[in-house]
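Notes for the one structure printed next.
The values are calculated or read from the model by the stated rules, or taken from the named source; none is laboratory data. Since the model is a prediction, treat every value here as computed from it, not as a measurement. With ideal geometry, Cβ positions are generated from the backbone for all residues, glycine too; neighbour counts draw on all protein chains shown. Just so you know, the surface numbers come from the protein's heavy atoms only, side chains and all, with ligands and any DNA or RNA stripped out. Shrake-Rupley method; radii C 1.70, N 1.55, O 1.52, S 1.80 Å.
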Amino acid sequence: AGAELRLVTLRGRLRSIGLLIVLTTIVVMAGVGGTFFLVASSRGLMGGLPPAQVLAIAGVVGVIAAARSPSSAIAIISETRAKGPFSETILGVSVAIDVVVVVLCSVALALCGLAFAPEEGLDLHFVLILGGQRAASVALGVILGAGMVVYLKRRGPQVPLVILGLCFVVYRCSE
């Protein structure tokens, strides 16, 4: 998805993209999470869990529902040969919303853990580690992405092998 995205063309639309991300995420999370909470509470689907725990689970479900597939957006744009500000904005939103969902999922899972084990409290050390991991992930992604761009611009040989190697590096760093 990043290869299809042109940051230069999106600069003028950053406010629109940000607004779309925020509104889409809020509406989907509230709609899906709220519906899950109401149905699970009224039908007893959670085996008698307290409302706070059902709400925590509904929050995680809502965050997962907010995820978008950049590959689907690319496929539709490619299939219809769409060009212009609308297709570029949609692509920007679908790529950026995945980053937002990863962060929100971490937060939702931490809050879910707090709902199921309130005696442990919210550990500041855990929050700092989580923030550090996210920062390291972004830094590694930027470094690997920039390296790949340089490699592709120089028309380096064995592109599939290099991509496979990068996938291995990302895998090993994520353990």
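Conditions tested, residue by residue: (1) out of contact with any helix residue (DSSP H, G or I) (no Cβ under 9 Å at 6 or more places or on another chain); (2) in a helix (DSSP H, G or I); (3) under 30 Å from residue 46 (Cβ atoms); (4) open to solvent by 80 Å² or more (accessible area, probe 1.4 Å).
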| position | (1), (2), (3), (4) |
| --- | --- |
| 128 | yes, yes, no, yes |
| 135 | yes, yes, no, no |
| 151 | no, yes, no, no |
| 157 | yes, no, no, yes |
| 161 | yes, yes, no, yes |
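Of the conditions (1) open to solvent by 40 Å² or more (accessible area, probe 1.4 Å); (2) of a type in the set (Gly, Ala, Ser); (3) closer than 26 Å to residue 19 by Cβ; (4) at pLDDT below 80, residue 174 satisfies every one except a single condition; which number is it?
(3)
Does residue 114 count as surrounded by 12 or more Cβ atoms within 10 Å (Cβ to Cβ) and touching a residue at least 24 places away in the same chain (Cβ under 8 Å)? I'd like the intermediate steps shown before the answer.
Values: surrounded by 12 or more Cβ atoms within 10 Å (Cβ to Cβ): yes; touching a residue at least 24 places away in the same chain (Cβ under 8 Å): yes.
So residue 114 fits the description; yes.
Look at residue 68 and say whether it is among the basic types (Lys, Arg), without any contact (Cβ under 8 Å) to a residue 60 or more places away in the chain and not in a helix (DSSP H, G or I).
Numbers: among the basic types (Lys, Arg): yes; without any contact (Cβ under 8 Å) to a residue 60 or more places away in the chain: yes; not in a helix (DSSP H, G or I): yes.
Yes; evaluated as a whole, the condition is true for this residue.
Limited to the range 35-60, what total is found for residues that are more than 22 Å from residue 102 (Cβ to Cβ), in a helix (DSSP H, G or I) and of a type outside the set (S, T, N, Q)? Working first, answer last.
Initial filter on the range 35-60 (more than 22 Å from residue 102 (Cβ to Cβ)): 35, 37-54.
Now restrict to residues that are in a helix (DSSP H, G or I): 35, 37-43, 51-54.
Remaining after also requiring of a type outside the set (S, T, N, Q): 37-40, 43, 51-52, 54.
So the count comes out to 8.
Looking at residue 30, is it assigned to a loop (DSSP other than H, G, I, E, B), in contact with a helix residue (DSSP H, G or I) (Cβ under 9 Å, 6 or more places away or on another chain) and under 18 Å from residue 100 (Cα atoms)?
Numbers: assigned to a loop (DSSP other than H, G, I, E, B): no; in contact with a helix residue (DSSP H, G or I) (Cβ under 9 Å, 6 or more places away or on another chain): yes; under 18 Å from residue 100 (Cα atoms): yes.
For residue 30, the condition - assigned to a loop (DSSP other than H, G, I, E, B), in contact with a helix residue (DSSP H, G or I) (Cβ under 9 Å, 6 or more places away or on another chain) and under 18 Å from residue 100 (Cα atoms) - is not met.
What's the total number of residues in the range 61-97 that are surrounded by 15 or more Cβ atoms within 10 Å (Cβ to Cβ) and within 13 Å of the chain's Cα centre (by Cα)? If you could, list the steps in order and put the result at the bottom.
Here is the first cut: in the range 61-97, the residues surrounded by 15 or more Cβ atoms within 10 Å (Cβ to Cβ) are 61-68, 70, 73-74, 77, 87-97.
After this cut, where a residue has to be within 13 Å of the chain's Cα centre (by Cα) as well, the list is 62-68, 70, 92-97.
Final tally of qualifying residues: 14.
Do you know which of the residues in the range 11-41 that are among the hydroxyl-bearing types (Ser, Thr, Tyr) and within 17 Å of the chain's Cα centre (by Cα) is surrounded by the fewest Cβ atoms within 10 Å (Cβ to Cβ)? It would help to see each step written out before you state the result.
Taking the range 11-41 first, the residues among the hydroxyl-bearing types (Ser, Thr, Tyr) are 16, 24-25, 35, 41.
Then drop every residue that is not within 17 Å of the chain's Cα centre (by Cα), which leaves 24-25.
On the way: 24: 16, 25: 20.
Looking at the filtered set, the residue picked out is 24.
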